[in-house]
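Engineer: This is the structure I have questions about; it appears just below.
The values are calculated or read from the model by the stated rules, or taken from the named source; none is laboratory data. What you are looking at is a predicted structure, and each value in this text was computed from that prediction instead of being measured. Counting neighbours? That spans all protein chains shown, and the Cβs are built from the backbone with ideal geometry, glycine included. Accessible surface is based on the protein model in full, side chains and every heavy atom, while ligands, DNA and RNA are left aside. Shrake-Rupley method; radii C 1.70, N 1.55, O 1.52, S 1.80 Å.
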Amino acid sequence: MDYFHGKVKVIEVEKDVITSDILKMKDIKKGDRIFFKTKNSQMITKSVFQENYTFLSLDGAQFLVGKKVKVIGIDYLSIEEFNSNAYSVHKILLSNGIVIIEGINLNEVDEGEYEYFAFPLKIKDCDASPVRVVLSK
C-alpha cells in the first residue's frame, strides 16, 4: 500500500528526454515518489497516439534506481521510448522494486509536492492494473 499513496513530487521537465543530467539538477531524495510533467500533458487528452512523446532514458532510470525512489509516474502512455523493443527502462525500474504509473493527466497540475492516491484493481494473474490517480495539495 505504501507505493500507492503518500507524498509525491511533481517535477516539470521541458526536454524531450528525461536524462540523468536533468535529474541531477532536481531535488530528488532517497525514497521519493516522482511524477514527471512534460510536454506530454498537452498530448494525453488527444485521441490520436503521438509517437514523439517525452520519455525516461536508461541513464535517467539508473539514476533514479541509485536514489532508491519508490514510484515514478509520467504523463503519457509509456515511460519508455517509442518503438523500444528491449524495454530496458521498464526492466531496470521494475527489477529494482520501483512502481511505474503511466498515463497520468498532469495538464492542470503545477510543479510541487502533493499527496496522491492511486489504488490498482486486484486482477488475478496480472502484472499491471489501471488506476485512477488523485492529487491533493
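Engineer: Can you go through 89, 48 and tell me which one is outside any loop (DSSP other than H, G, I, E, B), over 18 Å from residue 112 (Cα atoms) and hydrophobic (A, V, I, L, M, F, W, C)?
Structural biologist: 89
Engineer: I'm told residue 54 meets every condition in (1) hydroxyl-bearing (Ser, Thr, Tyr); (2) closer than 25 Å to residue 2 by Cβ; (3) out of contact with any Leu (no Cβ under 7 Å at 6 or more places or on another chain); (4) touching a residue at least 24 places away in the same chain (Cβ under 8 Å) except one. Can you identify the failing condition by its number?
Structural biologist: Condition (2) is where residue 54 drops out.
Engineer: Now for a different question. I need the full set of residues from the stretch 1-45 which are assigned to a loop (DSSP other than H, G, I, E, B), over 11 Å from residue 75 (Cα atoms), open to solvent by less than 30 Å² (accessible area, probe 1.4 Å) and not aliphatic (A, V, I, L, M), in order please.
Structural biologist: Answer for the stretch 1-45, where residues must be assigned to a loop (DSSP other than H, G, I, E, B), over 11 Å from residue 75 (Cα atoms), open to solvent by less than 30 Å² (accessible area, probe 1.4 Å) and not aliphatic (A, V, I, L, M): 31, 32.
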